[in-house]
Amino acid sequence: MTTAAFDTLKFVQTLHRVGFEERQAVGVSDAFKEAFEGARFATPRDMDRLDGKIDRLDAKIDRLEVKIDARFEQVDVRFEQVGTKFEQVDARFEQVDARFEQVDARFEQVDARFEQVDARFEQLESKIDDRFAQMEEKFNGRMESMEQRLTIKLGSMMMVAAVGIAALVKIL
């Protein structure tokens with residue numbers, strides 16, 4: 001952040017051209033100079049830094065999305081594998097009716113695998129929910145902080161304007 005340059009001579013000359021007396025123009029110029037001395041404004045560099053931080057956050061979110069997509073692809077592969085197993089079991093039913101008991105045991109194994117897959121899904125979903133909650137909390141915190149800073153700065157600028165107007169009214 002930087003302070004704004006304020007050319008008091010040019011300001012006085014402008015006020016004088018529009019009808020202010022010399023003494024009034026100097027007084028208004030001094031009031032504005034005092035008001036702007038402590039004011040700080042965002043520079044293009046500050047805005048670039050903020051944009052960079054936002055870009056890095058976007059990149060992190062993109063990487064997280066890629067990871068999540070990869071996880072879902074892995075789950076899809078597992079479902080395809082389970083589907084293949086079911087097809088094999090159906091083929092065995094047609095080929096060997098005598099192995100019903102073995103097939104029942106196989107179904108129990110498949111059920112156990114489904115329970116494991118379900119448990120993994122629940123764990124993955126919990127992790128994803130936690131990560132999204134953390135990211136949302138961080139993002140909301142940063143946004144609140146930025147909003148507070150902008151509110152303070154805008155309030156300061158309004159105060160400066162109010163002081164300037166009050167000074168003009170008093171002088172006039």
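Read-outs throughout are calculated quantities, based only on the coordinates presented, and are distinct from any laboratory measurement. What you see is a predicted model; the values in this text were computed from it and never measured. In this analysis, Cβ positions are derived from the backbone assuming ideal geometry, glycine residues included, and neighbour counts consider all displayed protein chains.
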Fill in the blank from the handout: Rounded to whole angstroms and listed largest first, the alpha-carbon spread of region 85-147 along its three principal axes comes to 73, 16, 7
Handout entry: Neighbour cut-off at most 13 other Cβ (10 Å), DSSP loop, trypsin sites (Lys or Arg not before Pro), region 20-49
Key = ARG40
Exercise for the section: Step through the residues of region 156-165 one at a time and calculate ³J(HN,Hα) from phi using the Karplus curve (6.51 cos²θ - 1.76 cosθ + 1.60, θ = phi - 60°), rounding each to whole Hz and writing x for Gly and Pro. Expected result: 4, 5, 5, 5, 4, 5, 5, 5, x, 5
Practice task
Would you kindly state how much longer the chain becomes between ASP30 and VAL163 on full extension, computed as 0.36 nm times their sequence separation minus their alpha carbon distance, in nm to one decimal?
Solution key: 46.7 nm
Practice task
With r as the distance between the Cβ atoms of LYS127 and ILE54 and R0 = 22 Å, compute the FRET efficiency 1/(1 + (r/R0)^6) and round to 0.05.
Solution key: 0.30
Practice task
Convert each backbone phi in region 75-91 into a coupling constant with the Karplus relation 6.51 cos²θ - 1.76 cosθ + 1.60 (shift: θ = phi - 60°), then list the ³J(HN,Hα) values in order as whole Hz, x for Gly and Pro.
Solution key: 5, 4, 4, 4, 5, 4, 5, 5, x, 4, 4, 4, 4, 4, 5, 4, 5
Exercise for the section: Note down the relative contact order for region 1-96 as a percent, whole number, built from C-alpha pairs under 8 angstrom at least six residues apart. Expected result: 29
Problem - the chain - convex hull of alpha carbons, volume per residue in Å³ - result: 141
Exercise for the section: Only Lys, Arg, Asp and Glu count, each charged at its Cβ (+1, +1, -1, -1), so figure out the dipole size of the chain about its Cα centre, rounded to 20 debye. Expected result: 1520
Handout entry: Exceeding the 30 Å Cα-Cα cut-off - candidates LYS53/LYS127; LYS67/LYS153; LYS10/LYS170
Key = LYS67/LYS153
Practice task
Per residue of region 133-147, in order, report the coupling 6.51 cos²θ - 1.76 cosθ + 1.60 (Karplus, θ = phi - 60°) as ³J(HN,Hα) in whole Hz, putting x for Gly and Pro.
Solution key: 5, 5, 5, 5, 5, 4, 4, 4, x, 5, 5, 4, 4, 5, 4
